[in-house]
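Everything on this sheet refers to the single structure shown next.
The values are calculated or read from the model by the stated rules, or taken from the named source; none is laboratory data. Everything numeric in this text was worked out from a predicted model, so none of it was measured. A quick note on method: Cβ atoms are made from the backbone with ideal geometry, for glycine too, and the neighbour counts reach across all protein chains shown. The accessibility values were calculated without ligands, DNA or RNA, using every heavy atom of the protein model including side chains. Shrake-Rupley method; radii C 1.70, N 1.55, O 1.52, S 1.80 Å.
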Amino acid sequence: FAPTGGSGYYPNLNNFNWQPQDYSFNINWRDAYKGISYCNYILQYLPASTKVGDAIKKRVLAEAKTGLGLFYRDLVELFGDVPLIKSFGEGITASPARTPANDVLTYAAEQLEAAIPDLPVSYSSGDNGRFTKGAANALLVKIYLYQKNWDGVIAAANSIIGGGYQLDPSYANLF
């Protein structure tokens, strides 16, 4: 946080005086639903495309499902019950009703579980930052913790532990 009492976008947040019209809430809501719209567009239209090879198509569809998992987890963490938009175009002109947070997280977990088999363990350096099996499983851990699904937490965490990931032994290497 910026120093308390300052000006700019975050003084209400810094002073724990949150308002619905505050910039940070609006931008998080807007950007998450923009990302959801992009993911739903990919999921709706990419399967019929003949311009993309099957291997790339499979990976990109998995990345879109993982994106849905990320966006919905973030929205529930920030706002609780939120509209659940499952297809491109849904909710664009309507004002969709809020869906209970647990139902949204269940949908997010389903998307992640469907994506994991088609995500790689890692990418080459040119593709750093893309979703991997480890990232999707880490999101599942967070969702399952929120839902108190302890068996799911253990399974997803064990997938990370057994997935070939390790901590970098030097903190300086991270930067």
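Quick look at the values:
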item	result
Whole-Hz ³J(HN,Hα) from phi, Karplus 6.51 cos²θ - 1.76 cosθ + 1.60, for region 112-128, glycine and proline x	5, 4, 6, 7, 3, x, 9, 9, x, 5, 7, 10, 6, 4, x, 10, 4
Amide H within-cut-off set for Thr99, under 5 Å, with H built and near neighbours excluded	Val82, Leu84
Estimated vicinal HN-Hα couplings, Hz - region 76-83 in sequence order (Karplus 6.51, -1.76, 1.60; Gly, Pro = x)	5, 4, 7, 10, x, 5, 9, x
Size of charge dipole - the chain - debye, nearest 20, with Cβ of Lys, Arg +1 and Asp, Glu -1, no other charges	280 debye
R0 of 45 Å, Cβ-Cβ distance Asp54-Ala172: FRET efficiency to nearest 0.05	0.65
Convex hull (Cα only) mean projected area of the chain, reported in nm² to one decimal	13.3 nm²
Cβ-derived FRET efficiency at R0 22 Å, Leu78 paired with Asn15, nearest 0.05	0.75
16 Å Cα-Cα reach of Lys57 towards lysines, excluding residues that sit fewer than 8 places from it in its own chain	Lys65
Relative contact order %, the chain, counting alpha carbon pairs below 8 Å whose residues are six or more apart	16 percent
Longest site-free stretch - the chain; sites: trypsin sites (Lys or Arg not before Pro), DSSP loop, at most 10 other Cβ within 10 Å	52-147
Protein accessible area in the chain, 1.4 Å probe - carbon and sulfur %	57 percent
When region 33-93 is reduced to its Cα atoms, the Kirkwood hydrodynamic radius in Å	12.3 Å
Extension gain from Asn128 to Ser24, taking 0.36 nm per residue of separation minus the Cα-Cα distance	34.7 nm
